[in-house]
Amino acid sequence: MSPEKSMLLHICCAPDACIPIPDLLAEGWNVTGYFYGSNIHPRDEYTRRLEAVNILSAHEGTECVIPSYCPGEWLEVVRGLEHEPEGGRRCTECFRLQLEASAKEALRLGCGYMCTTLTISPHKNVNLINSLGESISALHGLKWEYRIWRKNNGFLRSVGRSKELGLYRQNYCGCIYSFHEPDMELTKSAVTHLMKTE
Ligand code: SF4
């Protein structure tokens, strides 16, 4: 693949990708998606979100790389950060892991640019995400495409388009800690179980 105008787009979920993908295609980018997914709990939820990503990719005519589902790898990276609030240090490490995995895939595919759909969310720190993306891209000799997708009503547009396309929209960020946040004891026992069965 020619690195010129070829982009690896990190996809956090289909609803967040349903505006960035068509917008980038309209700008002339050659887009390949990358759905990391191992942060998502439980597995059934991962499967639902993956199905939505596949529906969107087929609709847009874009490829999406899907690595194996390895929640144990993700849990190792955020070990010790279980009690962090959403938006805290656990999320920083979660973004870093996903963007590093994306950068490796971008290199493997010969993409010259990288970007993420994460900045469409009204709940996420877009400066942190873009700065992580920039430094990780530079480390791998890639260029970071700086975008804040929630600008210009990006989030509202994504809600409308997800409905039109019938995409599943989740009601929590994704990981076991955002899923079980009110009950840390329950979360701890679920994590122990996951680590044993991985
Ligand atoms: S709340 Fe979301 S961003 Fe934060 S660690 Fe969990 S999955 Fe990752």
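Looking at Tyr46, Tyr34 in this structure, which one is aromatic (Phe, Trp, Tyr) and either buried (at least 22 other Cβ atoms within 10 Å of the Cβ) or not in a helix (DSSP H, G or I) (or both)?
Working: Tyr46 fails: either buried (at least 22 other Cβ atoms within 10 Å of the Cβ) or not in a helix (DSSP H, G or I) (or both).
Criteria check complete, one pass: Tyr34.
Checking the stretch 161-174 against the condition returns a match, with at least one residue being surrounded by fewer than 12 Cβ atoms within 10 Å (Cβ to Cβ), within 16 Å of the ligand (Cβ to nearest atom) and either within 20 Å of Cys91 (Cα to Cα) or modelled with pLDDT under 95 (or both).
Checking each residue in the stretch 54-93 for being closer than 20 Å to Ile136 by Cβ and within 11 Å of the ligand (Cβ to nearest atom) picks out Trp74, Val77, Val78, Leu81, Gly87, Gly88, Arg89, Arg90, Cys91, Thr92, Glu93. Taking the criterion of being of a type in the set (Asp, Glu) and within 18 Å of Cys91 (Cβ to Cβ), the only residue of the stretch 117-157 that qualifies is Glu134. The residue that is surrounded by the fewest Cβ atoms within 10 Å (Cβ to Cβ), counting only those in the stretch 94-120 that are more than 16 Å from the ligand (Cβ to nearest atom) and assigned to a helix (DSSP H, G or I), is Arg108.
The values are calculated or read from the model by the stated rules, or taken from the named source; none is laboratory data. As the structure is a prediction and not an experimental result, all values here were calculated from the model. As a convention, Cβ positions derive from the backbone with ideal geometry for all residues, glycine included, and neighbour counts pool all protein chains shown.
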